[in-house]
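*Asks:* Please find one structure pasted underneath; my questions will follow.
Readers should treat all values here as calculations from the given coordinates under stated rules, not as data from a laboratory. Just so it is clear, the model here is predicted, and its values are computed rather than measured. Because the Cβ atoms are built from the backbone with ideal geometry, glycine has one as well, and the counts that use them run over all protein chains shown.
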Amino acid sequence: MASLRDIKGRITSTKKTKQITKAMQMVSAAKLNRAQQNAQSFQPYTEKIREVVASIAASGAEASHPMLVERPVKKTGYIVITSDRGLAGGYNASLTRSLLTTIKSRHKSPDEYGILVVGKIGRDLFKKRNLPIIDEVVGVPDQPEFNDIKNLARESVQMFADGKFDELYVWYNHFVSPITQEVTETKLLPLTDLAEGETKTSSTYEYEPNEQVILERLLPQYAESLIFGALLDAKASEFGARMTAMSAATDNATALIDSLTLSYNRARQAAITQEITEIVGGAAALE
């Protein structure tokens, strides 16, 4: 049975842990609010580019682009967005587990795919498993800007344009709510679903100098914006997962403190009772 000193030490250490998890919960909640605002404010930009590109594709113009055309798949690229730190529940584990299962079912050899990874957690895991990492970005700020992943985004899009990848996917955790994140796979290239979900608008466009030039400039920007949008969404999911995990840890610490306090009081009461019994027994022996 643990001594009173041991129990009191555990209570003290658990209280300190609770203070840390509570502070991390509050910090994550504040970061989540800003991350949601960043993700929401970026959506109109992506939607407007999509609208223009879809308008050109649906106009019957002769403009075309390799990013709009499917081709036989010889090699697949995966952009995977994880976090740099843990303590976020199953945020990273569920994503990487689902990705590894998908890769195993789709590919027979590492030569058939390549990974561009964001985040230290994913980078370390993929290196440990000797997966083909083409590029990596770690240390992305909590409130990222496009420049933080500009090189990776442009490299991945250029690799598709050069034929090194025949299709490109982005994997990340989509933010549903602070307690729910969905592992999401989005086909980035080729862009074959531009017309899906589009509604008729009254907007008309005049292209200068012509549709082909606009496509050549806009399509790479649109693909890169999808990658950045996924990063913003993933950051919101990360903070939601960490806030939820730290909230659960705080609740568990509170329950443990209550249990230890009860054990401490019982042990103290038993010690006092034992001392009284010994005193009474000693007094009786002297009579």
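*Asks:* Mean projection of the alpha-carbon convex hull of the stretch 1-151 over all orientations, in nm²? Please list the in-between numbers first.
*Replies:* On the way: hull surface 58.3 nm².
For the stretch 1-151, the mean projected area of the Cα convex hull comes to 14.6 nm².
*Asks:* Rounded to the nearest 5, what is the percent of antiparallel bridges among the DSSP beta bridges in the chain? Walk me through the intermediate numbers first.
*Replies:* Working: 9 of 24 bridges.
Among the beta bridges of the chain, antiparallel pairing accounts for roughly 40 percent.
*Asks:* Over the C-alpha atoms of the stretch 73-172, what are the Rg and the largest Cα-to-Cα span, Dmax, in Å?
*Replies:* 13.3, 39
*Asks:* While we're here: From the phi angles alone, apply the Karplus equation (6.51, -1.76, 1.60; θ = phi - 60°) to the stretch 65-77 and give each ³J(HN,Hα) in whole Hz, x where the residue is Gly or Pro.
*Replies:* Residue by residue, the stretch 65-77 yields 7, x, 6, 9, 10, 6, 9, x, 8, 10, 8, 10, x Hz.
*Asks:* Let me ask another. Putting +1 on Lys and Arg Cβ atoms and -1 on Asp and Glu Cβ atoms, find which of G281, P44, L116 reaches farthest to the positive end of the dipole of the chain.
*Replies:* So the residue furthest toward the plus end is G281.
*Asks:* How big is the antiparallel share of DSSP beta bridges in the stretch 88-247, given as a percent to the nearest 5?
*Replies:* The antiparallel fraction comes to roughly 70 percent.
*Asks:* Using only Cα atoms, find the angle between the long axis of helix 4-58 and the longest principal axis of the chain, and express it within 0 to 90 degrees, rounded to the nearest 10.
*Replies:* With both axes taken from Cα atoms, the answer is about 10 degrees.
*Asks:* A further question on this structure: Quick check: residue separation of N147 and S105 times 0.36 nm, minus the Cα distance between them. What number comes out in nm? Provide the component values of the computation, followed by the final result.
*Replies:* Values: separation 42, 0.36 × 42 = 15.12 nm, distance 3.41 nm.
Additional length available on full extension: 11.7 nm.
*Asks:* Please express the shape of the chain as an equivalent ellipsoid: the semi-axes are the square roots of 5 times the eigenvalues of the C-alpha gyration tensor, given largest first in whole angstrom. Don't skip to the answer; put the middle values down first.
*Replies:* Values: eigenvalues 674, 86, 34 Å².
In descending order the semi-axes read 58, 21, 13 Å.
*Asks:* Sticking with this one: Among K31/K75; K74/K120; K48/K235; K18/K104; K18/K128; K48/K128, which pairs are too far apart, with a Cα-Cα distance over 31 Å?
*Replies:* Working: K31/K75 37 Å; K74/K120 28 Å; K48/K235 23 Å; K18/K104 40 Å; K18/K128 33 Å; K48/K128 41 Å.
The pairs that break the limit, which is 31 Å between Cα atoms, are K31/K75; K18/K104; K18/K128; K48/K128.
*Asks:* Excluding Y169 itself, calculate the net charge of residues whose Cβ lies under 11 Å from the Cβ of Y169, where each Lys or Arg counts +1 and each Asp or Glu counts -1.
*Replies:* 0
*Asks:* Search the structure for amide H atoms under 5 Å from the amide H of I79, placed 1.01 Å from N in the peptide plane, and list their residues when 5 or more places away or on another chain.
*Replies:* L116, Y169, V170, W171
*Asks:* Evaluate the relative contact order of the stretch 93-158 (contact order divided by residue number), counting alpha-carbon pairs under 8 angstrom at least 6 apart; express in whole percent.
*Replies:* Numbers: 47 pairs, mean separation 17.5, N = 66.
This gives 26 percent for the stretch 93-158.
*Asks:* Additional query: Which angle from 0 to 90°, rounded to the nearest 10, does the C-alpha axis of helix 150-161 make with the longest principal axis of the chain?
*Replies:* 50
*Asks:* Same structure again: Would you calculate a helix-derived [θ] at 222 nm for the chain, using -39,500 (n - 2.57) for each DSSP H run of n ≥ 4 and dividing by the full residue count, to the nearest 500? Provide the component values of the computation, followed by the final result.
*Replies:* Working: 5 runs with 168 residues, N = 287.
Calculated mean residue ellipticity at 222 nm is -21500 deg cm²/dmol.
*Asks:* What residues have an amide H closer than 5 Å to that of H174, excluding those fewer than 5 places away on the same chain, when H is modeled at 1.01 Å from N in the peptide plane?
*Replies:* It is E182, V183, T184, by chain and number.
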